[in-house]
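Report on the following structure.
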Amino acid sequence: MDFALTTLRLMCLAWLWPVALLKGSNTQNQRRHKDVYLGEKTRHKHGGRIDFKMKKSDSTKSLLIKSEQLLRIEDHDFAMRPGFGGSAIPVGIDVQVESIDSISEVNMDFTMTLYLRHYWQDDRLAFPSSSNKSRTFDARLVKKIWVPDVFFVHSKRSFIHDTTMENIMLRVYPDGNILYSVRITVTALCSMDFSRFPLDTQNCSLELESYAYNENDLMLYWKNGNDSLRTDEIALSQFFIEEFHPSYGLAFYSSTGWYNRLYINFILRRHIFFFMLQTYFPTMLMVMLSWVSFWIDRRAVPARVSLGITTVLTMTTIITGVSASMPQVSYVKAVDIYLWASFLFVFLSVIEYAAVNYFTTVEEMKKLQKGKLPVSYNASQAMAYDGCFHDDIDVSPFPELPTTPSTTRTIPARASSTDPPPTEGTRLWRKRSMGKNIRFIMSNSYMIDSYSRILFPVAYLLFNIIYWCIYS
């Protein structure tokens, strides 16, 4: 019996011996390959000499030192803020503005890309370190610890960039101080005042606040005062950034209390050159073009009417184009004042010709009734009555009318030179009253064009001087 057991044991050892030899050779090969791989990577760094101490100091290759174990994440409840039940935890903020992507007057908002950095201390994440060096992590660890719940007040859209990975950085120091940085693009509301548009200056602000923790639990503050807000070189197409400055305030909600609020304020001044080319210069040219009709003969009805209608329609198109690119506000803008005043000048030039044409017709009818015009009245001959010289019109003298008792006039005798002079304070009879002057102009309608050639440019020049003095 003993002989059979001994034989069985020998057979088992003979069968297991090759397997053990094969396993031992594989383990040695794996260790050899690992040493060679490490040597290849460190050979470039140390001039071809392999430092085997690096294998021992690389904690990432040790299964016993994980981030969760080093920071003791499983030992604490990170659903609660640090120092829960005590005083408010201070959270410092600093911001670096990367760009202002767009500013929309129609939607009254702006889009900004920025780096938002948070600073606070959480003793639960303190870890021992002989070199006092920090450890940096990405977004995977952020989801396992407590971070401030800062949000943007009055934001319409916002997102954290995620190419190629989420742009989130977490840096933990041995004493428990934490730096949490994210890269965000946010579209926020900006209440704009367009009463001086396009000569306006807009004040916009981006507001930061904790969503859940009021001032008794969390205190937001600017980490480095006014130096907490930094900007890159930002250039905008329609605006010039005059100033960037941070500020601080409190916000009250009736149901939850007072909250700390941080403001990123910036002042935008609009560039006027674009609107000078697109709006003001074309408007000025249309107004001056409407004055050309004052030098066209009053009998050229098609030319003057078509010119007046064309300028009116062009001004209407300019006004419509400007209104389409602006929000529907209930107050008057500076550009509206200029456009509608210019439209009024163009419209009055059309009305001026309507008055000239009407008074000319009335004047001719009166002359026909009084017999001052021949029966064979020709419209081309009447062009000579407007006070202008026409070298292409042959005006023949009218035949003399027979003298009749009805046409004979009695010329009153002139006052004798012995009449006493008018007393002091009386008006000389040669001075006409305002009504007589108006009737005189109506009876000589060509004078309306003559006066308009001076009054319209002078009035428009005076309007421009007042307008630019007020709004510029």
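Averaging the Cα positions of each part gives two centres, and for segment 134-195 and segment 209-254 these lie 14 Å apart. Accessible area per residue was computed with a 1.4 Å probe on protein heavy atoms; Cys469 scores about 100 Å².
Residues whose amide H falls under 5 Å from that of Asp109, counting only those 5 or more places apart or on a different chain, are Ser104, Cys190, with hydrogens built in the peptide plane.
Applied to segment 288-304, the Karplus parametrisation 6.51 cos²θ - 1.76 cosθ + 1.60 on θ = phi - 60° returns per-residue 3J(HN,Hα) values of 5, 5, 5, 6, 4, 5, 5, 9, 8, 4, 5, 7, 7, 4, x, 5, 6 Hz, with x for Gly and Pro.
Computed from the C-beta positions of Thr231 and Ala355, the FRET efficiency with R₀ = 51 Å rounds to 0.30.
Which FRET efficiency, nearest 0.05, do Ser255 and Tyr221 yield, Cβ-Cβ r, R0 22 Å?
On the way: r = 24 Å, r/R0 = 1.11.
Taking R0 as 22 Å, the efficiency between Ser255 and Tyr221 is 0.35.
Could you calculate the FRET efficiency of His161 with Tyr467 from 1/(1 + (r/R0)^6), where r is the beta carbon distance between them and R0 is 56 Å, rounded to 0.05?
Numbers: r = 46 Å, r/R0 = 0.82.
Calculated transfer efficiency: 0.75.
For Val362, the solvent-accessible surface with a 1.4 Å probe is about 50 Å², rounded to the nearest 10.
Please list Phe273, Phe463, Phe159 from largest to smallest accessible area, probe radius 1.4 Å, with all protein chains kept in place. Don't skip to the end; give the middle numbers.
Values: Phe273 140, Phe463 45, Phe159 110 Å².
The ranking, largest first, comes out as Phe273, Phe159, Phe463.
Once backbone amide H atoms are built at 1.01 Å from N, Ser195 has no partners under 5 Å, excluding neighbours fewer than 5 places away on the same chain.
Sort Tyr446, Tyr211, Tyr358, Tyr460 by accessible area with a 1.4 Å probe, largest first. Please list the in-between numbers first.
Working: Tyr446 70, Tyr211 165, Tyr358 140, Tyr460 15 Å².
Ranking Tyr446, Tyr211, Tyr358, Tyr460 by accessible area, largest first, yields Tyr211, Tyr358, Tyr446, Tyr460.
Protein-only accessible surface at a 1.4 angstrom probe places the residues Ile241, Ile470, Ile73 in the order Ile470, Ile241, Ile73, largest first.
Compute the length gained on full extension between Met11 and Gln328: take 0.36 nm times their separation in residues and subtract their Cα-Cα distance, giving the result in nm to one decimal.
On the way: separation 317, 0.36 × 317 = 114.12 nm, distance 9.84 nm.
Value of the extension gain: 104.3 nm.
With 0.36 nm allotted per residue and the present C-alpha distance subtracted, the Arg171-Lys370 stretch has 61.2 nm of extension available.
The values are calculated or read from the model by the stated rules, or taken from the named source; none is laboratory data. Predicted, not measured: the structure shown is a model, and the values here were computed from it. Reconstructed Cβ throughout: ideal geometry from the backbone, glycine too, with neighbour counts over all protein chains shown. Note: areas computed on protein heavy atoms with side chains; ligands, DNA, RNA excluded. Shrake-Rupley method; radii C 1.70, N 1.55, O 1.52, S 1.80 Å.
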